[in-house]
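A short write-up of the structure that comes next.
The values are calculated or read from the model by the stated rules, or taken from the named source; none is laboratory data. On a predicted model such as this, the values are computed, not experimentally measured, just so you know. Cβ: placed from backbone, ideal geometry, glycine included. Neighbour counts: every protein chain shown. We work out accessible area using only protein heavy atoms, side chains counted, and drop any ligands, DNA or RNA first. Shrake-Rupley method; radii C 1.70, N 1.55, O 1.52, S 1.80 Å.
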Amino acid sequence: PPLAAVIAFAVCLSVYTYSTQNVCEVCYLKNGKSEMLVMTNQGSAAICDMSTGGYAHLMKAVEQARSMNATEIDTLLLTHYHTYHINSLQRLNERYRIRKIFLPMPAKESDISIYNRIVEELSDSGTMLYMYKSGESISLTDACCIEMQKAPSLKRSVQDIFALTVQGNRDRLTYLTS
């Protein structure tokens, strides 16, 4: 009987591991005007930063990823640029090594300046930096990809409007900023 119980447990664990290996879990975080998406798959996390770029917001996303059983931050994706991103990304990367950071194609002169500073600050860190264009599909984890579509800006808004679509195995989530 003890051997049968051990075998049954091993079979159940194998079936569970196989059935959950390609599941992308997504969590939406909102703190004031700052928003984040945290996606996890097989212990890896991808964070989509739609915030003002503050370190505290990024840390809340990391804490959420850890609560979702992520052991590493594989990918960080910025949707737009803020000067806070320069120091926040450097601090976050010193504390938790981020393997890849996806940066949007700079649209304004101020974006180019922030982009260049981020590249300069992270150039010796070993983190891979990628630039993406609106409409590109970016694979964040084995089971989750994201697509950013820039929409026309409103005259009353200083922020760009974008549609962000997260695609998992069978599910699709679209988020539209306002």
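What the table shows:
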item: The range 32-62, residues that are open to solvent by 60 Å² or more (accessible area, probe 1.4 Å) and within 22 Å of L103 (Cα to Cα); result: K33, A56, K60
item: The range 21-42: number of residues that are closer than 14 Å to I146 by Cβ and either of a type in the set (K, R) or part of a loop (DSSP other than H, G, I, E, B) (or both); result: 1
item: Given (1) open to solvent by 30 Å² or more (accessible area, probe 1.4 Å); (2) in contact with a helix residue (DSSP H, G or I) (Cβ under 6 Å, 6 or more places away or on another chain), index of the condition V119 fails; result: (2)
item: Lone qualifier among S88, S67 - being over 20 Å from K133 (Cα atoms), open to solvent by less than 40 Å² (accessible area, probe 1.4 Å) and of a type in the set (S, T, N, Q); result: S88
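Conditions tested, residue by residue: (1) assigned to a loop (DSSP other than H, G, I, E, B); (2) in contact with a His (Cβ under 6 Å, 6 or more places away or on another chain); (3) within 20 Å of L140 (Cα to Cα); (4) touching a residue at least 24 places away in the same chain (Cβ under 8 Å).
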residue	(1), (2), (3), (4)
I73	no, no, yes, yes
L77	no, no, yes, yes
H80	yes, no, yes, yes
S88	no, no, no, yes
R91	no, no, no, yes
L103	no, no, yes, yes
A107	yes, no, no, yes
S110	no, no, no, yes
